[in-house]
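Scroll down for the structure; my scribbles are underneath it.
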Amino acid sequence: MSIRNALVSIAFAFSAAAIATHAHAQGSVEKAYKEGPCSEDLKKFCARTKAGDGRVAKCMADHFRELRPACQATVQAALDKRGAMAKACKAEAQKFCKGIRPGEGRILSCLKGRESDLGPACAAEFKRAFSDPTVAQ
């Protein structure tokens, strides 16, 4: 697997993991998309998507080019934060979660369990990303 593919896998793992790991944030996530600039796009493209395990985020990303500009900006900002977290936590993911298959929240759960061991850059991005309800999904 190339480094780029590994980073993409890690980013998707973080993205898909947040609801499973932070289930309490679900109401905030739904509210952020339902009441924000993505409300119409969410209804149009992802109304039948079952919430959880990052499925809503994936659906929105899958329809990115079809979203209205304001919603694209919201989704892009969330993707950027997830990407920054994946990049900042790459070493920690490789160190603490080696051998864990990406997806369904496994890597994020692994890192969450080692939160006190995260380096300063990773810990800061981890905290920043999960303070945004559109990321914590």
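Per-structure values
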| quantity | calculated |
| --- | --- |
| Test: K90 is under 21 Å from G113 (Cβ atoms) and out of contact with any strand residue (DSSP E or B) (no Cβ under 6 Å at 6 or more places or on another chain) | yes |
| Qualifying positions in region 36-46 - in contact (Cβ under 8 Å) with a residue 12 or more places away in the chain and within 19 Å of the chain's Cα centre (by Cα) | G36, P37, C38, D41, L42, F45, C46 |
| Of all residues making up region 47-75, the number that are more than 19 Å from G103 (Cβ to Cβ) and either part of a helix (DSSP H, G or I) or within 17 Å of the chain's Cα centre (by Cα) (or both) | 11 |
| Flag if A25 is surrounded by 15 or more Cβ atoms within 10 Å (Cβ to Cβ) and modelled with pLDDT under 90 | yes |
| In region 52-69, the residues that are farther than 23 Å from F126 by Cα and surrounded by 13 or more Cβ atoms within 10 Å (Cβ to Cβ) | H63, F64, L67, R68 |
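The values are calculated or read from the model by the stated rules, or taken from the named source; none is laboratory data. The shown structure was predicted, so the numbers you read here are calculated from the model rather than taken from an experiment. Using ideal geometry, Cβ is built from the backbone for each residue, glycine included, and neighbour counts are taken over all protein chains shown.
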